[in-house]
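Structure record follows, encoded as structure tokens.
The values are calculated or read from the model by the stated rules, or taken from the named source; none is laboratory data. Quick caveat: nothing in here was measured; it's all calculated off a predicted structure. For neighbour counting, all protein chains shown are included, and Cβ atoms are generated from backbone atoms with ideal geometry for every residue, glycine included.
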Amino acid sequence: MTNALEVTLPDGAPFIDYTREFDYPAARVFGAHVDPDTYAEWIGPDRLDTRIDVFDAVPGGSYRFVQTEGTEEYAFRGVFHSIRPAEFILQTFEYEGFPDQASLDFLRFEDLPDGRSRLVGHSVYPSLETRDSFVSSGMESGMAAGYDKLEQLLAFATA
């Protein structure tokens, strides 16, 4: 893909920063993050199927989704704290396989010239060890695959 995910893992700091540009406006990229049906279509790599159990994308709302691969299930949940349409989401993110190890995720959606946009993310973890556990579980490749699927989904929606 021409719009690669860029992830920064600062040494000794319990957070990650990431950016990804899209060939679509921020409002469309944001919409794909808050619409449960659309979210289920793009989140994670192709090998996983996603089921949404709860998805209430409003301040104070919660979400839970389960991804399956054969007989294996991976469940994730969180709470939406702040949402500004087409601009910003502040939420928690927890993999139920690592209980009590939620990240606090800041997502900023920025319009760029020519109808393009940039997603800027900052995820804070309770410890460096927790961050490294998430990273070693394949988080970066899963995020990259998901955002590539989102780009394709947005292209298909305009065709």
Scope segment 131-141; condition surrounded by fewer than 17 Cβ atoms within 10 Å (Cβ to Cβ) and at negative phi; matching residues: 132, 133, 135, 136, 137, 140, 141
Which listed residue, of 29, 7, is touching a residue at least 24 places away in the same chain (Cβ under 8 Å), among the β-branched types (Val, Ile, Thr) and out of contact with any Ser or Thr (no Cβ under 8 Å at 6 or more places or on another chain): 7
Total residues in segment 20-50, condition within 20 Å of residue 134 (Cα to Cα), surrounded by fewer than 19 Cβ atoms within 10 Å (Cβ to Cβ) and not acidic (Asp, Glu): 4
Within segment 9-116, strands (runs of 3 or more DSSP E) holding 1 or more residues that are over 30 Å from residue 158 (Cα atoms): 15-22, 72-84, 88-95, 103-111
Out of 54, 66, sole residue that is hydrophobic (A, V, I, L, M, F, W, C), exposed (fewer than 15 other Cβ atoms within 10 Å of the Cβ) and modelled with pLDDT of 95 or more: 54
